[in-house]
Amino acid sequence: MLDSAILDFLATRAAEVDRTQAWPAEQFAHLAQAGVLGWFIPEEFGGIPVSGDDRLIGYEELSTACLTTAFILTQRNGACQRIANSQNESLKVRLLPALAGGQTFATVGISHLTTSRQHVRTPAVQVELQGNTLQVNGLIPWVTGAPFAQHIVTGGVCPDGRQVLIALPTDAAGVSIQPHARLLALTASHTATVEVQQTRLSSDFLLAGPVENVMQSGVGAGTGGLTTSVLALGLAQRCLNLIETQAGMRADIRPVAEPFAAEVGQLRTDLFQAAKEEDISPGKTLPAAVIRQRANSLALRMSQATLAISKGAGYVTGHPAELAVREALFFLVWSCPQPVVNEYLRELSCSDLVD
């Protein structure tokens with residue numbers, strides 16, 4: 001789907017992005033020129049919307065080339081999707097054209113409403129509605145690209161328990177971005193915690209709510225899901241490319257390459273079939289969690305196989321196998337529901353855990 005020159009550019013610089021931990025600005029400039037930044041933005045706002053299958057293909061290709069760039073793009077696209085699907089027409093006009101052209105950057109900070117910090121009694125982010133004004137307080141964890149974002153699509157809990165989504169301007173008074181986390185991999189995503197203290201906003205920045213379970217309302221309500229799985233599939237494909245290269249030179253590797261290739265192909269078929277069923281039958285229960293567990297397992301096993309095949313050379317910082325092993329571990333913590341974690345723990349321990 002994507003131009004091979006762009007994918008080659010991303011792939012040849014993936015190791016440098018990991019080594020320098022620098023924000024991939026040049027990579028995003030190429031994506032903007034190719035129209036990729038318009039995938040989730042309607043044409044009336046300068047976007048180039050693509051079908052669900054084409055998005056998945058694009059994400060897989062990008063993840064195979066550079067997981068850091070692909071991951072950042074999912075967070076940016078998640079913000080664009082939330083804005084585009086909101087009922088706030090004036091905010092769409094203000095924000096979406098510049099996002100489509102790559103002149104501005106938006107991201108999401110919603111993990112505290114889904115998989116992160118749900119055990120904490122006091123909401124991570126509190127919002128009070130006072131007429132046409134919102135007052136926001138709290139800490140927004142895991143905001144990818146926070147230092148480079150003009151807006152963060154985030155949410156908070158009102159005193160009555162209802163929730164809202166807002167497009168938080170990062171230049172608003174009381175918003176401060178903490179130093180980004182030093183991660184096992186993908187540090188160049190500049191994922192950081194954002195502190196919000198007594199920030200007052202016009203209701204013009206409201207995207208949804210107040211309602212109960214705001215993340216379950218509207219189009220694109222889910223987190224992780226098939227998009228997360230397809231990025232793991234892209235990493236597995238990158239590992240397969242490395243394994244097959246070795247198999248072309250070493251006969252002893254061929255018996256390993258063939259079953260891995262079959263498993264990658266089957267996972268791809270099942271993932272895209274699940275996406276088709278999702279489009280045809282909205283709300284239908286899909287095996288997304290099963291696909292996620294398979295994708296996680298495959299990426300982890302194939303990255304370690306790549307390291308074993310590469311031997312000592314693969315254990316040196318900067319080797320493709322070493323990078324793949326670290327990146328594969330990311331899928332154990334990124335939007336990873338507990339049932340998926342439990343399935344992988346069963347695989348590791350050969351035991352039966354109680355969900």
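From the list 122, 74, pick out the single residue that is closer than 30 Å to residue 13 by Cβ and polar (S, T, N, Q).
Within the list 122, 74, the selection yields 74.
Going residue by residue through the stretch 29-45, is there one that turns out to be at pLDDT 95 or above and touching a Ser or Thr at 6+ places or on another chain (Cβ under 6 Å)?
no
Could you please give the count of residues in the stretch 19-39 that are crowded, with 22+ Cβ neighbours inside 10 Å and in contact (Cβ under 8 Å) with a residue 60 or more places away in the chain?
The total comes to 4.
With respect to the numbered conditions (1) over 29 Å from residue 55 (Cβ atoms); (2) modelled with pLDDT under 95; (3) outside any helix (DSSP H, G or I), which one is the sole condition not fulfilled by residue 221?
(1)
From 227, 193, grab the single residue that is hydroxyl-bearing (Ser, Thr, Tyr) and under 30 Å from residue 277 (Cα atoms).
Unique residue meeting the criteria: 227.
Could you pull out the residue among 108, 93 that is closer than 26 Å to residue 51 by Cα, among the β-branched types (Val, Ile, Thr) and surrounded by fewer than 17 Cβ atoms within 10 Å (Cβ to Cβ)?
So the residue among 108, 93 that is closer than 26 Å to residue 51 by Cα, among the β-branched types (Val, Ile, Thr) and surrounded by fewer than 17 Cβ atoms within 10 Å (Cβ to Cβ) is 93.
Consider residue 93 carefully, then state whether it is at pLDDT 95 or above and outside the structural domain of residue 338 (by TED's automatic domain parsing).
It is true that residue 93 is at pLDDT 95 or above and outside the structural domain of residue 338 (by TED's automatic domain parsing).
Report, by residue number, each residue of the stretch 85-117 that is of a type in the set (Ser, Thr, Tyr) and closer than 30 Å to residue 341 by Cβ.
Across the stretch 85-117, the qualifying residues are 107, 111, 114, 115, 116.
Within the stretch 157-167, is there a residue that is under 13 Å from residue 110 (Cα atoms), β-branched (Val, Ile, Thr), at pLDDT 95 or above and outside any strand (DSSP E or B)?
Checked the stretch 157-167: no residue is under 13 Å from residue 110 (Cα atoms), β-branched (Val, Ile, Thr), at pLDDT 95 or above and outside any strand (DSSP E or B).
So in the stretch 195-218, with the set limited to residues that are closer than 17 Å to residue 92 by Cβ and either surrounded by fewer than 18 Cβ atoms within 10 Å (Cβ to Cβ) or β-branched (Val, Ile, Thr) (or both), which one is modelled with the lowest pLDDT?
Restricting to residues being closer than 17 Å to residue 92 by Cβ and either surrounded by fewer than 18 Cβ atoms within 10 Å (Cβ to Cβ) or β-branched (Val, Ile, Thr) (or both), the top hit is 218.
Could you check how many residues of the stretch 127-147 are in a strand (DSSP E or B) and either buried (at least 17 other Cβ atoms within 10 Å of the Cβ) or of a type outside the set (Asp, Glu) (or both)?
Of the residues in the stretch 127-147, 14 are in a strand (DSSP E or B) and either buried (at least 17 other Cβ atoms within 10 Å of the Cβ) or of a type outside the set (Asp, Glu) (or both).
Filter the stretch 294-334 for residues that are more than 12 Å from residue 239 (Cβ to Cβ) and of a type in the set (S, T, N, Q) and give the result.
Of everything in the stretch 294-334, those that are more than 12 Å from residue 239 (Cβ to Cβ) and of a type in the set (S, T, N, Q) turn out to be 296, 297, 317.
So which residues in the stretch 1-59 are closer than 19 Å to residue 81 by Cβ and of a type in the set (D, E, K, R)?
If the condition is that a residue be closer than 19 Å to residue 81 by Cβ and of a type in the set (D, E, K, R), then 43, 44, 53, 54, 55 are the ones that fit.
Any residue in the stretch 62-80 that is part of a loop (DSSP other than H, G, I, E, B), in contact (Cβ under 8 Å) with a residue 24 or more places away in the chain and surrounded by fewer than 22 Cβ atoms within 10 Å (Cβ to Cβ)?
Within the stretch 62-80, none of the residues are part of a loop (DSSP other than H, G, I, E, B), in contact (Cβ under 8 Å) with a residue 24 or more places away in the chain and surrounded by fewer than 22 Cβ atoms within 10 Å (Cβ to Cβ).
Considering only the stretch 306-331, state which residues are surrounded by fewer than 14 Cβ atoms within 10 Å (Cβ to Cβ) and either assigned to a loop (DSSP other than H, G, I, E, B) or touching a residue at least 24 places away in the same chain (Cβ under 8 Å) (or both).
316, 317, 318, listed by residue number.
The values are calculated or read from the model by the stated rules, or taken from the named source; none is laboratory data. The structure presented is a predicted model; accordingly, all values stated were derived computationally and were not measured. No Cβ is skipped: glycine too gets one built from the backbone with ideal geometry, and neighbour counts run over all protein chains shown.
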